[in-house]
1. Is it the case that some residue within the stretch 165-177 is free of Cβ contacts under 8 Å to residues at least 12 places away in the same chain and either part of a loop (DSSP other than H, G, I, E, B) or surrounded by fewer than 21 Cβ atoms within 10 Å (Cβ to Cβ) (or both)?
2. Any idea which of (1) touching a Lys or Arg at 6+ places or on another chain (Cβ under 9 Å); (2) within 20 Å of G125 (Cα to Cα); (3) of a type in the set (G, A, S) is the one A160 doesn't satisfy?
3. Given the structure, is V224 under 23 Å from A186 (Cα atoms), touching a residue at least 60 places away in the same chain (Cβ under 8 Å) and touching a strand residue (DSSP E or B) at 6+ places or on another chain (Cβ under 8 Å)?
4. If we scan the stretch 224-232, do we find a residue that is aromatic (F, W, Y), assigned to a helix (DSSP H, G or I) and under 30 Å from R93 (Cα atoms)?
5. What single numbered condition from (1) surrounded by fewer than 23 Cβ atoms within 10 Å (Cβ to Cβ); (2) within 21 Å of A57 (Cβ to Cβ) fails to hold for G275?
6. Would you be able to tell me the number of residues in the stretch 279-309 that are under 15 Å from the mean Cα position of the chain (by Cα) and of a type in the set (S, T, N, Q)?
7. Given the criterion closer than 22 Å to G172 by Cβ and surrounded by fewer than 24 Cβ atoms within 10 Å (Cβ to Cβ), identify the matching residue among A267, A308.
8. What are the residues in the stretch 54-69 that are surrounded by fewer than 24 Cβ atoms within 10 Å (Cβ to Cβ), modelled with pLDDT of 95 or more and small (G, A, S), if any?
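The values are calculated or read from the model by the stated rules, or taken from the named source; none is laboratory data. Since the model is a prediction, treat every value here as computed from it, not as a measurement. Glycine also receives a Cβ, built like all others from the backbone with ideal geometry; neighbour counts cover every protein chain displayed.
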Amino acid sequence: MRAKALDSGRRRALLGVGAGLTLGPLTALAAGTALVKRAIPATGERVPVVGLGTWQAFDVAATGPDHDAARAALTALLDGGGTVIDSSPMYGRAESVVGQLLATGGLRQRLFIATKVWTRGKAEGVAQMRESMARFGVEQLDLMQVHNLLDAASHLETLADWKREGRVRLLGITHYHAGAHRDLEAALVRTPVDVVQVNYSLAEPEAGQRLLGVCRDRGIAVIVNRPFAEGAMFARVRGSAVPAWAQQELGCASWAQFFLKWILGDAAVTVAIPGTRNARHVVDNLGAARGAMPDARQRERMRLGFAAL
């Protein structure tokens, strides 16, 4: 029900698209220019700057309309050029659903799969991570992250070993609120990590004050969660048009693209992972990964415009 409520709020916000640039058939937005990609410093590989989160959206039954919608969303991601998908054992059935879709669609080699460990104790962490790999049907994960820093010291020690053994390619740490940003910074200073996942948006900009700069200086990739502040940002702009200047200068065809482009205007950000199982929204989100990204002046103009609503 919560995921449906968020999607409903977004659908209403889409009505605020300015008259100068309409959404039209969203499939058209998937064509043309390629997605902007950024490098993961630890490996040099480049990934599209917009991916797909699975929290709430992919916690669905193994069959039925919601499962079909999840399949359509994943297909839209890949057809649009996206590769990064992020999950967690905390997200209910999400890992299993993604694994089922990968098994039936032959999609594994096209995806960058990230998930998390979310438990206490070294042995418990090993067991949970093995279960996640079994759900995805893989012998190696692209990225394993310590969810919300829970027992980070134990799990990062295990993951360092797993990285040397080739079970995971990258390791990281995550959190979802500003009160934990200092803890994230302390953890990445104590222990080498490849990726930090953190909340960052026009509604929650705190990571930009220091944490993102620390990650940039240390060569750590950044994955952004909560890019729409759990949907609250769409409620705030409902009934308002996307500014004409943002449509013209940045190609923002929707508020989602406006919000994502503000995030991606920070060069420290590697990829943002809005969560949805609505294929139309996936295609819309990918539109933010095309064309120009805002410079510092434009980002400030976006910030002020959003603050005034």
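1. Taking the stretch 165-177 as the starting set, the residues that turn out to be free of Cβ contacts under 8 Å to residues at least 12 places away in the same chain are 165.
Those still in the list that are either part of a loop (DSSP other than H, G, I, E, B) or surrounded by fewer than 21 Cβ atoms within 10 Å (Cβ to Cβ) (or both) too: 165.
For the stretch 165-177, residues free of Cβ contacts under 8 Å to residues at least 12 places away in the same chain and either part of a loop (DSSP other than H, G, I, E, B) or surrounded by fewer than 21 Cβ atoms within 10 Å (Cβ to Cβ) (or both): present.
2. (1) is the only condition that A160 fails.
3. For V224, the condition - under 23 Å from A186 (Cα atoms), touching a residue at least 60 places away in the same chain (Cβ under 8 Å) and touching a strand residue (DSSP E or B) at 6+ places or on another chain (Cβ under 8 Å) - is not met.
4. no
5. (1)
6. Count: 1.
7. Working: A308 fails: closer than 22 Å to G172 by Cβ.
From the options A267, A308, the qualifying one is A267.
8. Across the stretch 54-69, the qualifying residues are A61, G64, A69.
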